[in-house]
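Here's the structure, in C-alpha cells; my notes come after.
The values are calculated or read from the model by the stated rules, or taken from the named source; none is laboratory data. A quick note: this is a predicted structure, and the numbers were derived from the prediction, not measured. Here Cβ is always computed from backbone atoms with ideal geometry, including for glycine, and neighbour counts include all displayed protein chains.
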Amino acid sequence: MPKTTDNTLRPSFTLAEKLAQGNLSASACYQCKKCSSGCPLTFAMDLLPHQVIHLSLLGQEEKVLTSSTIWVCSACETCTTRCPNGIDIAGVLDWLKEEALKRGISVAQPEVATFHRYFLESIKAGGGRVAEATLVRRFTLFKLRRKFDINELKENMKLGWQLMKRGRMRLLGSHAPKGQAEIKEILKLIKS
Amino acid sequence: MTPMKITYYPGCSLENTAVDYAASIAGITPLLDLELEEITDWNCCGATAAHSINHELALALPARNLMTAQKMGRDVVAPCALCFNRLKVAEKALKNPEGNPLGLSYQGAIKIWDLLDYLTQETYLQVLSQKVVKPLKGLKAVGYYGCVVARPPDITDKKDYENPQNMERLLTVLGATPLDWSYKTDCCGAGLALSRPDIIDTLTQRLYERALAAGAECFVVSCQMCQANLDLTQERISKKFGKHYDLPVLYFTELIGLALGHPQVKEWLAKHLVNPLPLLQKKGLI
Ligand code: SF4
Ligand code: SF4
Ligand code: SF4
Ligand code: SF4
C-alpha cells in the first residue's frame, strides 16, 4: 500500500479521546444535526457544527483545528441547549480554539483570535477590568495594519466621535480593582 | 421603609460605553426601594474572550467575584447577559460535589439573578403597577432578551429559555404593547462586533427585519451588549442594505423610568445613537 503523505488522511485520536471526556461527551453524538439546524451562524461557517463533532471523533484534527467554524461560532449556546445527547457543542468549539492556539496552528480567523487575545491582555493591563476605548483603539490599529480600508476607518472614527460626544468613551481606562495580590495571581494566567 | 439591599455586579461596560444603562439602573432602583451594593473590588468576568481561549481564566475571574459576593451575604444581580452567564458558570463549577478545580469553598447560599428577572418578580411587578404615572400607551415594542441570559438552561437555571415572557409582562404593566416574535432569544453575535462586523450586519439586519414584520417601533433590551449591537450599527447597516432603519433600542430600565416619571430619562436617552425622542414624542410620552 502506498504510504500516504496527506496529513488530513492520517487520523489522530488524541483529540477524539479528549472530547469524549467529562462534560463535553462528544462520543455520544449520533449525527442528528439538530445542532446545525438551529445554529444562526452557519452562513459564515466552513464546517457545520455536527461535522466538527463528527470529524473530531474520526480524528481529523487538522480539518477542525484549521476551520473557520470554531472562530465564527458566537457562543450563543443554542446547539448545547438543544442536543438530545447533552453534548456541549459550544464547549467543544471553545476547547478546539484553545487547542489550536496551544499547538501554534495558523488559524483561519486571525482577526477573531487576535481580538480575544487583546481583550485578555487588556484585562491584564487594566489590573482586572477592561478599558473598552483602549481595547478598541488597539484592535483598530491591528486591523488597519492587515488591510487598510479607508471607508472602514472613516466609519470607525465617526462612531468613536459619536460615542465620545455622548460621554460614552472613558479615555483614561477603567477603575482597577484594589485586591492587587489576589487579582495579580489570577491575571498570571494571561500570557501575553 | 428601609430599602432592600442587594449585591450588584455592574461589569466593565457599565463604566465604559453603557453609562446610560448604568445611570438608568441607578435612577430607578431607589424608586423601587432597592439599594444596590457593588461587589467589593470586582473584576471583569473575562467575557467571550476568556471562555474561547483560556478556560482556566474563564473560571477564575468570575469565581473571584462570586467568592466576594458570598462574603457580602446577599443575592447578586447582573445587568449584562454574559456577566450573568459567566457568574452562573462559576457557580456551577464551585458547587460541583466532586470538588471544584480551584479548590474554593463556596456554600452557594446566595442566588444569582439577571437584573430583568429580579425586577420582574411578582412583588416588583405589583409595586411597579402602583407607581406608573405615565402609562406607555401605544408604544409597540419587541422584547429582545439576547442569547446567553437564557442558555444553556443547565447553567442559567431558566425554565422558559426558548420563549421567556418576563419582558412582555413588564411592558404590559408599564402600559406598552409588547409584540410577539420568535427572535427574542436569537443571537446578535456581539462577541464578533469588532473582529467580524460583516457577520454582525447579517445577524442584526435580520433582527431589524423581523422586528418590523412583527409591527415593532422599537426594541427593548436588558443587556448593554445587545443594546450596542442593535443601536450603534443601525446607520452602517442602513447604508449597507440600502434601507433606512429607524428602530430605537431602549433599555427596560429606561422605560421603567419613563413610566414612573423619573426626571432624568431624557439624559439617558440622549446617549443613544438611534434617537428615541421622535418616537416617544409622537406617542406623547415625552
Ligand atoms: S445535536 Fe448533538 S447528537 Fe445531534 S448532531 Fe449535534 S452533537 Fe450530534
Ligand atoms: S454556539 Fe456556536 S455552533 Fe452553537 S449554535 Fe451558537 S453559533 Fe452555532
Ligand atoms: S461581560 Fe463584558 S462587561 Fe461584563 S464583566 Fe464581562 S467583560 Fe466586563
Ligand atoms: S444577543 Fe448578542 S449581545 Fe446579547 S447576549 Fe447574545 S450575543 Fe450577547
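Looking across the range B:109-132, the residues that are part of a loop (DSSP other than H, G, I, E, B) and over 19 Å from B:PRO178 (Cα atoms) come down to B:ALA109, B:ILE110, B:LYS111.
In the range B:19-48, the residues that are within 8 Å of chain A (Cβ to nearest Cβ) reach residues that are in a strand (DSSP E or B) with C-beta atoms within less than 8 angstrom, at least six apart or across chains, in these pairs: B:ASP20/B:TYR251. Screening B:LYS137, B:LYS71, B:LYS92, B:LYS159 for residues that are in a loop (DSSP other than H, G, I, E, B), surrounded by fewer than 20 Cβ atoms within 10 Å (Cβ to Cβ), within 14 Å of another protein chain (Cβ to nearest Cβ) and not acidic (Asp, Glu) leaves exactly one candidate, B:LYS159.
Okay, residues lined up against (1) assigned to a loop (DSSP other than H, G, I, E, B); (2) modelled with pLDDT of 95 or more; (3) more than 16 Å from ligand 2 (Cβ to nearest atom):
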position	(1), (2), (3)
B:LEU203	no, yes, no
B:GLY215	yes, yes, yes
B:ALA228	no, no, yes
B:LEU247	yes, yes, yes
B:TRP268	no, yes, yes
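B:ALA211 meets each of the listed conditions (1) at pLDDT below 95; (2) among the small types (Gly, Ala, Ser); (3) in a helix (DSSP H, G or I) apart from (1). Residues of the range B:104-118 include none that is within 13 Å of chain A (Cβ to nearest Cβ) and either touching a Ser or Thr at 6+ places or on another chain (Cβ under 9 Å) or surrounded by 22 or more Cβ atoms within 10 Å (Cβ to Cβ) (or both).
Filtered by the rule that a residue be of a type in the set (Gly, Ala, Ser) and farther than 17 Å from B:ALA50 by Cβ, the range B:65-94 gives B:ALA69, B:GLY73.
Restricting A:ARG166, A:ARG146 to residues that are farther than 14 Å from A:ILE123 by Cβ and facing chain B (nearest Cβ under 8 Å) narrows the list to A:ARG166.
Output the number of residues of the range A:118-156 satisfying the condition of being part of a helix (DSSP H, G or I) and away from ligand 3 (no atom under 11 Å from the Cβ).
From the range A:118-156, those part of a helix (DSSP H, G or I) are A:118-125, A:132-146, A:150-156; that's our starting set.
After this cut, where a residue has to be away from ligand 3 (no atom under 11 Å from the Cβ) as well, the list is A:118, A:121, A:124-125, A:133-134, A:136-146, A:150-156.
Looking only at that region, the number is 24.
Looking at the structure I just gave you, is B:SER52 surrounded by 21 or more Cβ atoms within 10 Å (Cβ to Cβ), of a type in the set (Gly, Ala, Ser) and modelled with pLDDT of 95 or more? Break it down stepwise before answering.
Details: surrounded by 21 or more Cβ atoms within 10 Å (Cβ to Cβ): yes; of a type in the set (Gly, Ala, Ser): yes; modelled with pLDDT of 95 or more: yes.
In short, yes.
Within the range B:97-118, can one find any residue that is within 16 Å of ligand 2 (Cβ to nearest atom), free of Cβ contacts under 8 Å to residues at least 60 places away in the same chain and either on the phi < 0 side of the Ramachandran plot or of a type outside the set (A, V, I, L, M) (or both)?
From the range B:97-118, those within 16 Å of ligand 2 (Cβ to nearest atom) are none; that's our starting set.
Scanning the range B:97-118 turns up no residue that is within 16 Å of ligand 2 (Cβ to nearest atom), free of Cβ contacts under 8 Å to residues at least 60 places away in the same chain and either on the phi < 0 side of the Ramachandran plot or of a type outside the set (A, V, I, L, M) (or both).
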